[in-house]
């Protein structure tokens, strides 16, 4: 009986190693999504405890958003303040104008193009 030849059988040792990198990345990114969700849940629980006053025992007396526990320093940040300009016609017009000026500058080569850091996505 003749064995079936698969795609992986036809690869060199280097190509096989490279193929394993795809699996590594897929697995690690899946683990990161799980960990990110667990971190978010833990932060929500801590925020709830903070709002209820349950963290006072570990609160730094000089900074109410700093907590010291088990040799670590935890800092609560309430988040950035942002503004909604969607109802301000002057700002909307200025943003539209800025987009147009930026586009013209890029098209005419007046600005230097910058490349971001390379990355991989897994879908």
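A few remarks follow.
- For the chain, the relative contact order comes to 13 percent (Cα pairs under 8 Å, sequence separation of at least 6).
- Here the chain is treated as a sphere whose radius is the Kirkwood value from Cα pairs; by Stokes-Einstein at 10 °C and 1.306 mPa s it diffuses with a coefficient of 73 µm²/s.
- With neighbour counts taken as other beta-carbon atoms within 10 Å, the residues 76, 119, 22 rank, fewest first, as 119, 22, 76.
- Across all C-alpha atoms in segment 9-79, the radius of gyration and Dmax reach 21.0, 66 Å.
- Here residue 32 and residue 59 are evaluated by their C-beta separation; at R0 = 30 Å the FRET efficiency comes out at 0.45.
- With 0.36 nm allotted per residue and the present C-alpha distance subtracted, the residue 46-residue 97 stretch has 14.0 nm of extension available.
Taken together, the values in this text are just the output of simple stated rules run on the coordinates, not laboratory data. In this text the structure is predicted, and so the values were computed from the model without any measurement. Counting neighbours? That spans all protein chains shown, and the Cβs are built from the backbone with ideal geometry, glycine included.
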